[in-house]
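S.K.: Take a look at the following structure, please.
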Amino acid sequence: MGDATSPEPLVVGVDVGGTKIVAGAVRGTEVIETVERPTDVSNADAVLSGIQTAVQEISERDEPPSAVGIGVPSQIDFAAGRVLSSVNIPVAGVHLRNDLSARLGVAVYLDNDANCAALAEAELAEGGPVGHLVMLTLGTGVGGGVVIDGRVFRGATGLGAELGHLVIDSEGPECPGNCPNRGCLEALCSGQALARDAGALAAAEPDSRLAGL
């Protein structure tokens, strides 16, 4: 039998966004420390290198992780560890799980970032794990995660919870990134949408306090 008092293994969780990459060293449910760096979205290799650098930086501060979990704002083939499509970071078609595992030398687990967030919220909910949960994540874009009976809901093609690209207003603004739709939830209430609307208001009211920011 193992030593019941031995510490839980150290793992690293990485949240990859269109604006920043945040990596955290985690033991059990405790985040020991984090590092943050801007996301270089010039090409896929730049994104992978940014993730690799963040993981290596935080590993040097503590100890090598036993595994790395990565959440990306993209549509994922979970079984294959491959990105199917991606609006805000240029990694469509990339086998992120295998590529990053080879770079880092440890097991890598890959999923949509909102799925990761939804599962974490369901597992760590006050009062104990909850079986059913719907989550929206707001950042550069809008993500969605759904947990049913304690498991992430993926749908028939793995895209069952892409709530940010539900069309709310078919005549609304164009969706940011490479989404071809108009009036998606992401086009209306994401960080990019806020910046767009604030810029338009500032241009319309050049003497306003907003324009002076």
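The values are calculated or read from the model by the stated rules, or taken from the named source; none is laboratory data. Note that the structure is predicted; figures quoted are calculated from it, not measured. Note that each Cβ is placed from the backbone with ideal geometry, even for glycine, and that neighbours are counted across all protein chains shown.
S.K.: Restricting attention to segment 150-164, and to residues there that are touching a residue at least 24 places away in the same chain (Cβ under 8 Å) and under 21 Å from ARG82 (Cα atoms), which single residue is surrounded by the fewest Cβ atoms within 10 Å (Cβ to Cβ)?
M.R.: It comes out as LEU159.
S.K.: Of the residues GLY17, GLY69, GLY13, GLY93, which single one is closer than 24 Å to LEU159 by Cβ, free of Cβ contacts under 8 Å to residues at least 12 places away in the same chain and either in contact with a Gly (Cβ under 7 Å, 6 or more places away or on another chain) or surrounded by fewer than 19 Cβ atoms within 10 Å (Cβ to Cβ) (or both)?
M.R.: GLY93
S.K.: Residues to consider are VAL106, VAL167, VAL130, VAL134; find the one that is surrounded by 12 or more Cβ atoms within 10 Å (Cβ to Cβ) and under 17 Å from the mean Cα position of the chain (by Cα).
M.R.: Exactly one residue qualifies, and that residue is VAL134.
S.K.: A further question follows. Might you let me know whether segment 40-54 holds any residue that is part of a strand (DSSP E or B), surrounded by fewer than 15 Cβ atoms within 10 Å (Cβ to Cβ) and modelled with pLDDT of 95 or more?
M.R.: Among the residues of segment 40-54, not one is part of a strand (DSSP E or B), surrounded by fewer than 15 Cβ atoms within 10 Å (Cβ to Cβ) and modelled with pLDDT of 95 or more, which makes the answer no.
S.K.: Go through segment 159-173 and give me each residue that's over 13 Å from GLY141 (Cα atoms) and in a loop (DSSP other than H, G, I, E, B).
M.R.: Hits for segment 159-173 are LEU159, GLY160, ALA161, ILE168, ASP169, SER170, GLU171, GLY172, PRO173.
S.K.: Which one of ARG27, ARG61 is among the basic types (Lys, Arg), out of contact with any Phe, Trp or Tyr (no Cβ under 6 Å at 6 or more places or on another chain) and farther than 25 Å from VAL147 by Cβ?
M.R.: One residue alone meets the criteria, ARG61.
S.K.: Can you pull out every residue in segment 176-213 that is in contact with a His (Cβ under 8 Å, 6 or more places away or on another chain) and among the aliphatic types (A, V, I, L, M)?
M.R.: LEU185
S.K.: Against the condition under 16 Å from ALA120 (Cβ atoms) and within 18 Å of the chain's Cα centre (by Cα), how does GLY28 come out, does it pass?
M.R.: No.
S.K.: List the number of the failed condition for VAL147; all other conditions in (1) hydrophobic (A, V, I, L, M, F, W, C); (2) touching a residue at least 40 places away in the same chain (Cβ under 8 Å); (3) not assigned by TED's automatic domain parsing to the domain that holds ALA54 hold.
M.R.: (2)
S.K.: Need pairs with beta-carbon distance below 7 Å; first residue without any contact (Cβ under 8 Å) to a residue 24 or more places away in the chain and within segment 38-62, second of a type in the set (A, V, I, L, M) and in a helix (DSSP H, G or I); sequence gap 6+ or separate chains.
M.R.: Listed pairs, sorted by first residue: ASP40/ALA46; ASP40/VAL47.
S.K.: Of all residues in segment 178-208, which are of a type in the set (S, T, N, Q), touching a strand residue (DSSP E or B) at 6+ places or on another chain (Cβ under 9 Å) and surrounded by 17 or more Cβ atoms within 10 Å (Cβ to Cβ)?
M.R.: Passing the criteria: only SER190.
S.K.: Tell me, yes or no, whether segment 138-151 has at least one residue that is in contact with a Leu (Cβ under 7 Å, 6 or more places away or on another chain), at pLDDT 95 or above and not polar (S, T, N, Q).
M.R.: Yes, the conditions are met somewhere in segment 138-151.
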